[in-house]
Amino acid sequence: MTRTIAVAAAAVSSPRARATPPSSSSASRPRQVRSDAATRAAQRVIAVCASLALTSQPLAAHAQPGSKPIPVIDDPEVGCTVKALDLFSDVRAKFSMEVASGALPEAVLNLSRCDYSGKDLKGKVLSGVVGDDVNFDGVDFTGAEMSRASMRGSSFKNAVLNSVNAYEVRFDGSDMRGADFTNTLLSSASFGKYNGVWANVEGAQFEGALLSSSDAQRLCQNPTLDIDGLIAIGGCK
């Protein structure tokens, strides 16, 4: 699938017209128009390939084309199971931006209100999932893929998030007390407010976590950041 997308994208970015001298009329056309057309064509190719990939996923009937699936807790055929996390996992891993933005609504995995406390979720793909108001206390996420997930208002007390890709994850308003983010990618992740409540990062471990200086300064605005966390992220200005 990745090779198909790459080849198709290359094709739309290298039109045959480049091989022959342009006519006077075509030469007068703005380059930006051609560039925009190529970009739109590439986006259509990616969307089509992603949609085709959906049909090969397990329990594909859970998602109706063009509409968001119901929360797994309300689906008697799926439920809040570890197996549910495998729904559309390949698509979510490769197209997390499209899933998170709503461009692929049928691939959205809604875990809201589920209880996964104490589960072993090592290496699982949670990219683009809606994990708001979920109990993840004590969960081992080591090596998981979580990019662009929404985890607002959830509980991660004493959860292990070692070596996780948490790029652009929204932890706003979540209880992160005692969570371990050792060696985790936290670029563009947020620990702000959700429904007026700050994410609680008291006692959370950030040793070796990957944050830019701007990420660290945003985290510094959180009043629950303790001295150990402050030291781990390199201090606040």
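Data for the structure
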quantity: Meets criteria (closer than 20 Å to residue 151 by Cβ and at pLDDT below 90) for residue 63; calculated: no
quantity: Scope region 164-188; condition buried (at least 22 other Cβ atoms within 10 Å of the Cβ), farther than 10 Å from residue 204 by Cβ and among the aliphatic types (A, V, I, L, M); matching residues; calculated: 164, 166, 169, 186
quantity: Residues located in region 113-134, provided they are crowded, with 20+ Cβ neighbours inside 10 Å and small (Gly, Ala, Ser); calculated: 127, 128, 131
quantity: Neighbours by Cβ (under 7 Å, 6+ apart or cross-chain): first from region 120-131, under 17 Å from residue 184 (Cα atoms); second in a strand (DSSP E or B); calculated: 121/140; 122/140; 125/145; 126/145; 127/145
quantity: Test result for residue 123, under 19 Å from residue 232 (Cβ atoms) and in the same structural domain as residue 92 (by TED's automatic domain parsing); calculated: no
quantity: In region 170-225, the residues that are charged (D, E, K, R) and not in a loop (DSSP other than H, G, I, E, B); calculated: 170, 175, 180, 193, 215, 218
quantity: Residue check for residue 212: at pLDDT 95 or above and either touching a Gly at 6+ places or on another chain (Cβ under 7 Å) or assigned by TED's automatic domain parsing to the domain that holds residue 102 (or both); calculated: no
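Results for (1) of a type in the set (S, T, N, Q); (2) outside the structural domain of residue 154 (by TED's automatic domain parsing); (3) at pLDDT 50 or above, shown as yes or no for each residue.
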| residue | (1), (2), (3) |
| --- | --- |
| 11 | no, yes, no |
| 32 | yes, yes, yes |
| 49 | no, yes, no |
| 77 | no, no, yes |
| 93 | no, no, yes |
| 105 | no, no, yes |
| 108 | no, no, yes |
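The values are calculated or read from the model by the stated rules, or taken from the named source; none is laboratory data. Please read these numbers as outputs of a predicted model, since none were measured by experiment. Here Cβ is always computed from backbone atoms with ideal geometry, including for glycine, and neighbour counts include all displayed protein chains.
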